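The values are calculated or read from the model by the stated rules, or taken from the named source; none is laboratory data. None of these values were measured; they are calculated from a predicted model. FYI the Cβ positions are ideal-geometry reconstructions off the backbone, even for glycines, and counts take in every protein chain you see. Side chains included, ligands, DNA and RNA excluded: accessible areas come from the protein's heavy atoms. Shrake-Rupley method; radii C 1.70, N 1.55, O 1.52, S 1.80 Å.
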Amino acid sequence: MPMNRPSRDEAANPTTFNVAAIAKLEHEALNRRTPTERISDAIAKFIGSIAFLLLQVLLVLVWSTINLHLIPLVTAFDPFPFGIPALVISSESVLLTIFVLISQNRMTRQAERRSHLDLQVGMLAEQELTAVLQMQHKICRHLGIDVESAKQALKGFSDATDVSKLATELEDKLPG
């Protein structure tokens with residue numbers, strides 16, 4: 001997604017520009033959701049709330065109280081061991097799990113996009129820093145400044161990073 005260049009005011013305060021750019025990306029991601037994802041997100045948000053927990057507990061308590069004959073003059077309609085709520089709760093858990101998984105899948109795709117964006121920004125920053133170090137070495141040589149001692153400390157940093165080689169090395173050395 002192309003980002004607009006910062007205005008003069010935004011360039012003076014890059015944090016404000018970055019916050020606005022991130023907020024724009026998040027709004028665009030929310031707007032890209034399908035109707036099914038929107039419904040699943042709303043349901044997952046509700047079932048993950050204290051209100052839903054309290055509603056579930058209240059329903060089980062009322063059901064149990066009525067069907068254990070604890071309220072006089074109210075006839076039990078589902079005697080112990082309460083087969084109806086067991087069926088309802090089992091069915092509910094299957095449906096709720098599906099809604100949560102739909103939301104998690106969307107969030108995983110979004111996290112992967114963010115990760116790819118982060119990797120791209122990191123790679124661009126590395127390329128820019130490599131170019132800056134190379135230019136500094138050329139300027140120092142042109143001005144006759146000894147850079148050999150500094151070159152030892154920065155050995156390898158002025159060379160371009162091979163991302164494929166780095167990924168292979170990390171894979172070989174990381175556990176698992």
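Tally the residues that are among the hydroxyl-bearing types (Ser, Thr, Tyr), assigned to a helix (DSSP H, G or I) and open to solvent by less than 80 Å² (accessible area, probe 1.4 Å), restricting the search to region 25-51. Steps first, answer last, please.
Quick first cut of region 25-51, residues among the hydroxyl-bearing types (Ser, Thr, Tyr) only: 34, 36, 40, 49.
Subsequent filtering for residues that are assigned to a helix (DSSP H, G or I) retains 36, 40.
This time we only want the ones that are open to solvent by less than 80 Å² (accessible area, probe 1.4 Å), so: 40.
Residues that pass the stated criteria total 1.
Given the structure, is Ala76 of a type outside the set (Val, Ile, Thr) and part of a loop (DSSP other than H, G, I, E, B)?
On the way: of a type outside the set (Val, Ile, Thr): yes; part of a loop (DSSP other than H, G, I, E, B): yes.
Answer is yes for this residue.
Are any residues in region 87-108 over 18 Å from Ser49 (Cα atoms) and either in contact with a strand residue (DSSP E or B) (Cβ under 8 Å, 6 or more places away or on another chain) or surrounded by 12 or more Cβ atoms within 10 Å (Cβ to Cβ) (or both), and if so, which ones?
Those that are over 18 Å from Ser49 (Cα atoms) and either in contact with a strand residue (DSSP E or B) (Cβ under 8 Å, 6 or more places away or on another chain) or surrounded by 12 or more Cβ atoms within 10 Å (Cβ to Cβ) (or both): Val88, Asn105, Arg106, Met107.
Evaluate region 104-111: report whether one residue or more is in contact (Cβ under 8 Å) with a residue 12 or more places away in the chain, assigned to a helix (DSSP H, G or I) and farther than 19 Å from Glu37 by Cα.
no
I'm checking my understanding of the structure. Among residues of region 146-166 that are exposed (fewer than 10 other Cβ atoms within 10 Å of the Cβ) and outside any helix (DSSP H, G or I), which one is modelled with the highest pLDDT? Quick ask: steps written out before the conclusion?
If we filter region 146-166 for residues that are exposed (fewer than 10 other Cβ atoms within 10 Å of the Cβ), which is where we start, we get 146, 148-149, 152-153, 155-156, 164-165.
With the extra rule that they be outside any helix (DSSP H, G or I), the set shrinks to 146, 155-156.
Values: Asp146: 79, Lys155: 68, Gly156: 67.
In this case the residue turns out to be Asp146.
Just one of Leu70, Leu129, Leu143, Leu117 is in contact with a helix residue (DSSP H, G or I) (Cβ under 9 Å, 6 or more places away or on another chain), of a type in the set (A, V, I, L, M) and open to solvent by 100 Å² or more (accessible area, probe 1.4 Å); which is it?
Values: Leu129 fails: in contact with a helix residue (DSSP H, G or I) (Cβ under 9 Å, 6 or more places away or on another chain); Leu143 fails: in contact with a helix residue (DSSP H, G or I) (Cβ under 9 Å, 6 or more places away or on another chain); Leu117 fails: open to solvent by 100 Å² or more (accessible area, probe 1.4 Å).
Result: Leu70 is the single residue among Leu70, Leu129, Leu143, Leu117 that is in contact with a helix residue (DSSP H, G or I) (Cβ under 9 Å, 6 or more places away or on another chain), of a type in the set (A, V, I, L, M) and open to solvent by 100 Å² or more (accessible area, probe 1.4 Å).
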